[in-house]
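FYI, it's all coordinate maths here, none of it is from the lab. Note that the coordinates shown come from a computational prediction; the quantities given were computed from them, not determined experimentally. Glycine gets a Cβ as well: all are built from the backbone with ideal geometry, and neighbour counts include every protein chain shown.
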Amino acid sequence: MSRRTVLVINSGSSSLKYQLVDPETGESLANGLVERIGEATGAFKHTHGDETVTSDDAVPDHGAALAKVIATCHAVGPDLAESGIVAVGHRVVQGGKHFDRATLVDEAVEARIEELIPLGPLHNPASLTGIKVARELLPDVPHVVVFDTAFFQGLPDAAATYALDREVAEKYSIRRYGAHGTSHQYVSRQVAEMTGRDDLKQIVLHLGNGASASAVVAGHAVDTSMGLTPLEGLVMGTRTGDIDPAAVFHLARVGGLSVDEIDTIFNKKSGLKGLAGDNDMRGVRERADAGDPVARAALDVYVHRLKKYVGAYAAIMGGLEALTFTAGIGENNGALRAEVCEGLGFLGIEIDHERNDSRGGPTIISTDASAVTVYVVPTNEELEIARQAVAVIA
């Protein structure tokens, strides 16, 4: 049987990230990143096997970026024309209330993604540009969009609904949409497969520069920390997470700040960066371990918020059987994992510190006696997108 692959594209406002994936085996055949699109000097990196090529040539637009990717694959490998591509999978952050699953792209879907730009102003425009360009340059294969919000589209009304004036909420489409859904879906499914159970009550903590939590029962999300936008919820690298909405009014009335200025503070100058001056968890951890009280206080706020969500979601689900850490911080920071789990013995969580120090693939870091199994599971959003794309065209 010949190989079937999917080219997964994640288009940002000035970047294009890609990976060629075999959805059957999970193998990544090539990956790369084009950055600083539209600037005088670009940044390009392509890896295939043991070979990596880079360049800093100017990349004027996303069309030129994807053309560069295709040409490099032809020259360095793997040649896209010979790699068995059956689909192109596109990550789109905001699918609104319209998309609860991966969807084949056509003009109507493109139009709907454009309509949703007000709900995803930072991400959807770039994603739409990437989709249009890819469909022009790779017209002979189907294109599939996978939405970050899709996994959370089926949240119970009690979890998805804000206590806002109903007419205002409906008019402006204000509800909990969530984000990182592709990661939460992939990781929660991995845990279910590891346990051989499809009825688990589990919490997934996706901890990267952006961070989110989800409560999943029998494979279905019942709550998640991100809301109308990815700003709500956990403390993140540069985002506030949960904050009293009246802080906006206070900063406008007393501080004289504009909506745009407050938006910038909340999304780009807060979180770990706002608390400790550094949005890299590694740097904050090093400073805290060296006795820096500012860094330690930032970590305390970060951990407090995580524990709060773990406890809340255990209550929502009426119990907890699995707690999973994933993404860059979740997968690599054993000290943080230990701090989050400390004091959660009343839920039945007991960490094995030796296991917690190990790194690598999916692993259990709780003791054999722990009533709740604690996992570290590397996320793989590209593989999840590839698999969902293949399912759509099957």
(message) For q values of 0.09 Å⁻¹, compute log₁₀ I(q)/I(0) with the Debye formula on a Cα-only model of the chain, without solvent.
(response) -0.56
(request) Give the residue from Thr238, Gly196, Ala75 lying farthest towards the positive end of the charge dipole for the chain; charges sit on Cβ (+1 for Lys and Arg, -1 for Asp and Glu) and the dipole is referred to the Cα centre. (result) Thr238
(message) Can you list residues from other chains, or at least 5 along the same chain, whose modelled amide H is less than 5 Å from the amide H of Ser366?
(response) Asp352, Val374
(request) Starting from the Cα of Asp368, move 7 Å in the Cα-to-Cβ direction to define the label point; list residues of segment 191-209 whose amide nitrogen is under 19 Å from there. (result) 195
(message) Given a 10 angstrom Cα cut-off, can you work out which residue in Val222, Val105, Val92 is the most mobile in a GNM of the chain?
(response) Val105
(request) Could you work out how far the C-alpha centroid of segment 241-304 sits from that of segment 343-394, in angstrom? (result) 28 Å
(request) Under 1.5 on a/c is rounded, so check that first for segment 237-394, then, if it is not, pick prolate when a/b is larger than b/c and oblate when it is not; a ≥ b ≥ c are the square roots of the alpha carbon gyration tensor eigenvalues. (result) prolate
(request) Pull out the extension gain between Ala159 and Asp260, defined as 0.36 nm times the separation in residues minus the alpha carbon to alpha carbon distance; nm, one decimal. (result) 33.5 nm
(message) Treating only the Cβ of Lys, Arg, Asp and Glu as charged (+1, +1, -1, -1), what charge dipole size does segment 41-121 show about its Cα centre? Round to the nearest 20 debye.
(response) 300 debye
(request) Taking the Cβ of each residue in Tyr375, Tyr313 as the centre, tally the other Cβ atoms inside 10 Å and list the residues starting with the fewest. (result) Tyr375, Tyr313
(message) Check which residues have an amide H placed less than 5 Å from Leu29's amide H, if you skip close sequence neighbours.
(response) Leu20, Val21, Asp22
(message) For Phe44, Phe325, Phe346, Phe249, which order do you get if you count the other beta carbons within 10 Å of each Cβ and list the fewest first?
(response) Phe346, Phe249, Phe44, Phe325
(request) Please state the charge dipole magnitude for the chain, taken about the Cα centre, from unit charges on C-beta atoms (+1 on K and R, -1 on D and E), reported in debye and rounded to the nearest 20. (result) 600 debye
(message) Can you compute 3J(HN,Hα) from phi for each residue in segment 168-176, using the Karplus curve 6.51 cos²θ - 1.76 cosθ + 1.60 with θ = phi - 60°, rounded to whole Hz and x for Gly and Pro?
(response) 5, 4, 5, 4, 10, 6, 8, 7, 7
(request) Could you list Val294, Val204 in order of exposure, starting from the residue whose Cβ has the fewest other Cβ atoms within 10 Å? (result) Val294, Val204
(request) Compute the length gained on full extension between Glu193 and Glu27: take 0.36 nm times their separation in residues and subtract their Cα-Cα distance, giving the result in nm to one decimal. (result) 57.9 nm
(message) Angle check, please: helix 259-268 long axis (alpha carbons) against the longest principal axis of the chain (alpha carbons), in degrees 0 to 90, nearest 10.
(response) 90 degrees
(request) Could you tell me whether segment 243-330 comes out rounded, prolate or oblate from its Cα gyration tensor? Rule is a ≥ b ≥ c as square roots of the eigenvalues, rounded for a/c under 1.5, then prolate if a/b exceeds b/c, otherwise oblate. (result) oblate
